[in-house]
Amino acid sequence: MKFGHVVQEHLDPSRTDQKPFVGLAFKLEAGKFGQLTYFRIYQGRLGRGSAIVNSRTWKRTRVQRLVRMHANRMEDIEEAYAGDICATFGLECASGDTFLSDASRKLALENIYVPKPVVSMAIKPKSKKDADNFLKALNRFCKEDPTFHREYNVEAKEVIVSGMGELQLEVYAQRMKAEYNCEVELGKPKVAFRETLTEKCAFDYWHRKQTGGHGQYGRVIGVCEPLPPNQNLDLIFTDECIGTNVPKQFMPAIDKGFREACQKGPLIGAPVTGIRFRLKDGAHHIVDSTEIAFILTAKYAMNDVFSDGRWHIIEPVMKVEATCPTEFQGSVMAALSKRQAVIISTDLIENFFSVICEAPLNCMFGFVTELRSLTEGKGEYSMEYSRYAPLKPEIAEQLISESSRSQSEVSNRTSK
């Protein structure tokens, strides 16, 4: 894939050194010898002493040591070819960087798909003296793991970490204590809910503001519609205007206004996803129409859609696989059923029972503790993101009520 004008290019997977080296740094790990960078080689040869270039930073470096990993054991190797996975020390890079032997190619590999976080928790060090180690740990973990995110919530004045599950965040909290001598407190898990339309909603918004000098003017006419379930995390803007009522130069501004409005939905303030903003017509003024004017026009048009449209909340559904001795089968199945799990398949292998199911993430918090208790510590489970699906109406109503109460409390504190 070349920068600027994107061109797809197929690489040669032959195990030969006749083609230039192309590799992807897909995992970073801090070891006793420094940062260990894992490579997947897609073309050519990588050898000890090879000079390679990071296509993101264009920094050239030389491979001093090349190893092949066998669980936690390293084997030093002299070279690796296309199709191999190897690792090296001393590279300054981020997960997902492309490395080349030929810097003139300006090529970047398509990154490994990384799903968006589905659960978040507030986190803080128990002692203020550990603040430096706390930040060092967060920076390192975010660099190593593309599914681990952190942000600062200005309103709550707290750090929020996000990931693919409760267990992942708990593991990082334990690693902070073990590797950085920094004990932390985790808040209650919060699910990454989303809001989306259930049916089409037309809009026609006319924005006019006169301040004495140049004013603001813009009009947008169109419709917002829900996307199919397999696209319910996307936001799509389409320009369907015919003629010059809305000049093409303002389309990016309208798109920007639409996306900014979707950062906070009308029900619980969750991000809006899974909708298409179809612009069919509009109007502009030769003097008063500007990018800012059309950004505001699109945002206000979306506010009308928030008021007039039919909205619902969607939640992350996880694929869960649990295994335990057969004597605990009934207890585990009952526990999953209580957590609204939908069974996909079950299997019996010798004296062990396994079940694969789908369950709302919001219902799976604390399951690891319950499973250990039910199975005398002999049960285990894994969980991965599957899809987003509509939230049950009674739970949605509860969330909306809680959101309204918290907003009222914030308003009261602000007014005081």
> Counting only residues that are of a type in the set (Phe, Trp, Tyr) and in a helix (DSSP H, G or I), which one in segment 167-218 is farthest from the chain's Cα centre (by Cα)?
Replying inline: 180
> Do we have any residue at all in segment 68-75 that's in contact (Cβ under 8 Å) with a residue 60 or more places away in the chain and under 30 Å from residue 179 (Cα atoms)?
Replying inline: no
> residue 34: of a type outside the set (A, V, I, L, M, F, W, C), within 23 Å of residue 114 (Cβ to Cβ) and touching a residue at least 12 places away in the same chain (Cβ under 8 Å), yes or no?
Replying inline: no
>> For a quick check of your reading: which strands (runs of 3 or more DSSP E) sit entirely within segment 52-100 and have at least 3 residues that are aliphatic (A, V, I, L, M)?
In response: 66-70
>> Just the residues that are under 24 Å from residue 135 (Cβ atoms) and either β-branched (Val, Ile, Thr) or at pLDDT 95 or above (or both), please, taken from segment 184-207.
In response: 184
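In segment 155-166, which residue that is assigned to a loop (DSSP other than H, G, I, E, B) and hydrophobic (A, V, I, L, M, F, W, C) is modelled with the highest pLDDT?
Quick first cut of segment 155-166, residues assigned to a loop (DSSP other than H, G, I, E, B) only: 155-157, 164-165.
Remaining after also requiring hydrophobic (A, V, I, L, M, F, W, C): 156, 164.
Values: 156: 71, 164: 87.
Here the answer is 164.
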> Considering only segment 181-199, how many residues are in contact with an Asp or Glu (Cβ under 9 Å, 6 or more places away or on another chain) and exposed (fewer than 14 other Cβ atoms within 10 Å of the Cβ)?
Replying inline: 2
> Looking at 389, 396, which one is under 24 Å from residue 164 (Cα atoms), under 24 Å from the mean Cα position of the chain (by Cα), in a helix (DSSP H, G or I) and of a type in the set (A, V, I, L, M, F, W, C)?
Replying inline: 396
> What is the one condition in (1) touching a Leu at 6+ places or on another chain (Cβ under 8 Å); (2) surrounded by fewer than 19 Cβ atoms within 10 Å (Cβ to Cβ); (3) over 30 Å from residue 398 (Cβ atoms) that residue 259 does not satisfy?
Replying inline: (3)
> Looking at residue 114, is it under 30 Å from residue 317 (Cβ atoms), of a type in the set (A, V, I, L, M, F, W, C), within 29 Å of the chain's Cα centre (by Cα) and outside the structural domain of residue 386 (by TED's automatic domain parsing)?
Replying inline: yes
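In segment 57-90, what residues are small (Gly, Ala, Ser) and surrounded by 11 or more Cβ atoms within 10 Å (Cβ to Cβ)?
Applying the first criterion (small (Gly, Ala, Ser)) to segment 57-90 yields 71, 80, 82-83, 87, 90.
Passing the criteria: 80, 82, 83, 87, 90.
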> Given the conditions (1) in a helix (DSSP H, G or I); (2) under 26 Å from residue 231 (Cα atoms); (3) among the basic types (Lys, Arg), which single one is not true for residue 116?
Replying inline: (1)
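This table checks each residue for (1) surrounded by fewer than 16 Cβ atoms within 10 Å (Cβ to Cβ); (2) in contact with a strand residue (DSSP E or B) (Cβ under 7 Å, 6 or more places away or on another chain).
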position: 107; (1), (2): no, yes
position: 122; (1), (2): no, yes
position: 127; (1), (2): yes, no
position: 130; (1), (2): no, no
position: 148; (1), (2): no, yes
position: 152; (1), (2): yes, yes
position: 159; (1), (2): no, yes
position: 165; (1), (2): no, yes
position: 179; (1), (2): yes, no
> Is segment 358-366 home to any residue that is surrounded by 16 or more Cβ atoms within 10 Å (Cβ to Cβ), in a strand (DSSP E or B) and without any contact (Cβ under 8 Å) to a residue 40 or more places away in the chain?
Replying inline: no
> Within segment 31-49, can you find the residues that are over 30 Å from the mean Cα position of the chain (by Cα) and either assigned by TED's automatic domain parsing to the domain that holds residue 145 or buried (at least 18 other Cβ atoms within 10 Å of the Cβ) (or both)?
Replying inline: 44, 45, 46
>> Given (1) in a helix (DSSP H, G or I); (2) surrounded by fewer than 19 Cβ atoms within 10 Å (Cβ to Cβ); (3) in contact (Cβ under 8 Å) with a residue 40 or more places away in the chain, identify the lone condition not met by residue 254.
In response: (2)
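The values are calculated or read from the model by the stated rules, or taken from the named source; none is laboratory data. Keep in mind that this is a model prediction, so the values were computed, not measured. Using ideal geometry, Cβ is built from the backbone for each residue, glycine included, and neighbour counts are taken over all protein chains shown.
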